[in-house]
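First comes the structure, then the notes that go with it.
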Amino acid sequence: MKIDLLCAEIGSTTTVVNAFDDLDGKKPVFLGQGVAATTVEDGDVTIGLRRAEEELRLRLEADALEVADVLATSSAAGGLTMTVHGLVPDMTVRAAREAALGSGAVIRAVTAGKLRPSDIERCRAVKPRIVMVSGGVDHGERTTALFNFEALAKALPDVPILYAGNIDNHDDIRRLADRFGTPLYVTENVYPTLDELNVAPAREVIQSVFESHIVEAPGMAHIRDMVTGAIMPTPGAVMAMAEHLYDELGDLLVLDVGGATTDVHSVTWGSERFRPLMTSPEPFSKRSVEGDLGVFLNRSQVIETMTYQERVALSSTYEKDLMCIPDVPRNEEETQLILPLVYACAREALNRHTGRIVEHYTPRGRIHTVRGRDLSAVETVLATGGALTRLPTAMAMLRRLIDEAPSEKLYPTSSAGVMIDHNYIMASCGVMTRAYPEAAMQLMRASLSSRLLD
């Protein structure tokens, strides 16, 4: 059986392959999906990839699969691990962090100001695949970024460094990189002025670095043996698709509850009503990743986030029963067991992602400000990922999240629509946007409006 495109999503716990056809035609087709356990611990993720492809072949009842092109997204093997270093926590550090998270990177360490010896030791222990240095608005403070760059270049030889700080440092940064033999990437300042975030250029560089260095991750050495085209961080691919959907759906929020983490993506400038109350700028596209909220790898931590009423409702053997469930539930009974976990992950992650109204008392009287992400203008809440797309109650679960919003939080309003990525292809469509933008949009529309394909 001939297939135009196979998109692989290599996650921390599961590997999914999606098959597509007629991508250059007027009606691209989603053919089907295969799933298998990710095999990073076996030292080669292509083992799991081949198993998922075999399941796909059986589902399609084909003697063999002849695939023209293979793309991939990955969050396995820790994804693209980074450390981020800036000047002021609420300004350049925050901007650098937004750029890294929005690209799909995994941040292992964040520092503000000049690096101390303990900071350097922590970075060595993390063993990042890329380091990001920012600091100083354009034509502002210069010395901290230069100090940090030199310290990191000495401490982490051969590790690529992305510089996204004060443009006045560019020549000095390049001289330091030449001196220490540091692979260097230079892009626009992530915080060029006091009231502006500029994270998109850094995000693009980070994703290109991911693609060139993913083969160095544990278990990923043979990924290029099977993938013929682009490889993106899975969260970066989801964000790319969310940004494309903005043109049709308007302001939107994407929830992705996974086996190891829960990601929240939002594409919005916030509402006009609250914009004058903002205390600091927010990016148009924002991602938050919660490494302690996973349905399979972090079950005990998730249970701790549940309310007292939710924990009381669980059976006395709940945690013991969970231990018997594999990465993918096998039946209705196991699906029902993980429902409380999925809801707790989604609620806690959304709560952390969302900003709030804060009351202050000043000599002139009481005032209100907004801290964090304003989601009140969001018109669509969209669910993707292995957990939410496969649960029969996902639509009701998302509606409940919105309806039970804390009063001080700037959640989407009750009028927001709820949609499910029924075919679980959002990341695949995201990586497809580079080569097949029109097909990616059509396939995504169909997934949001269709029932789950068996």
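A compact table of results
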| quantity | calculated |
| --- | --- |
| Globularity ratio of region 213-278, using Cα Rg and 2.2 N^0.38 Å | 1.56 |
| Percent of C-alpha pairs per 5 Å bin, region 10-116, short to long | 3, 11, 16, 14, 12, 11, 10, 8, 7, 5, 3, 1, 0 |
| Centre separation in Å (Cα based) which lies between region 49-64 and region 1-38 | 11 Å |
| Ordering of 406-418, 42-54 by packing [mean C-beta count within 10 Å, highest first] | 42-54, 406-418 |
| Residues whose placed amide H lies under 5 Å from that of Met232, excluding near-sequence neighbours | Ala72, Thr73, Ser74 |
| 21 Å Cα-Cα threshold exceeded, pairs from Lys2/Lys26; Lys127/Lys286; Lys154/Lys286; Lys286/Lys409 | Lys127/Lys286; Lys154/Lys286 |
| Estimated translational D of the chain in µm²/s (Stokes, Kirkwood radius over Cα pairs; 10 °C; 1.306 mPa s) | 69 µm²/s |
| Estimated [θ] at 222 nm from DSSP helical runs (n ≥ 4, -39500 (n - 2.57)) normalised by residues in the chain, nearest 500 | -11000 deg cm²/dmol |
| Translational D in µm²/s for region 386-443 (Stokes-Einstein at 37 °C, 0.692 mPa s, Kirkwood Rh from C-alpha pairs) | 245 µm²/s |
| Where only C-alpha atoms are counted, convex hull volume of region 354-454 per residue in Å³ | 130 Å³ |
| Whole-angstrom gap from region 277-326 to region 127-147, using each part's C-alpha centre | 34 Å |
| Largest-first ellipsoid semi-axes for region 80-216, taking √(5λ) over the Cα gyration tensor eigenvalues, angstrom | 19, 17, 14 |
| Gyration tensor over alpha-carbon atoms, region 227-315, equivalent ellipsoid semi-axes in Å | 29, 22, 11 |
| Share, in percent, of DSSP beta bridges within the chain that are antiparallel, nearest 5 | 50 percent |
| Cα-based radius of gyration of region 245-421 once divided by 2.2 N^0.38 Å, which approximates compact folds | 1.11 |
| Packing-based order for 426-435, 243-252, using average beta carbon neighbours within 10 Å, highest first | 426-435, 243-252 |
| Helical segments meeting 15 Å axial Cα length and Kyte-Doolittle -1.0 threshold in the chain (DSSP H) | 45-60, 143-155, 200-213, 234-249, 332-353, 437-449 |
| Stretchable slack from Met278 to Arg371, in nm (0.36 nm times residue separation minus alpha-carbon distance) | 32.8 nm |
| Whole-angstrom gap from region 345-392 to region 70-105, using each part's C-alpha centre | 21 Å |
| Region 355-414: Cα Rg divided by the 2.2 N^0.38 Å rule of thumb | 1.52 |
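Values quoted throughout were computed directly from the atomic coordinates according to the rules given, and no laboratory measurement underlies them. What you see is a predicted model; the values in this text were computed from it and never measured. Using ideal geometry, Cβ is built from the backbone for each residue, glycine included, and neighbour counts are taken over all protein chains shown.
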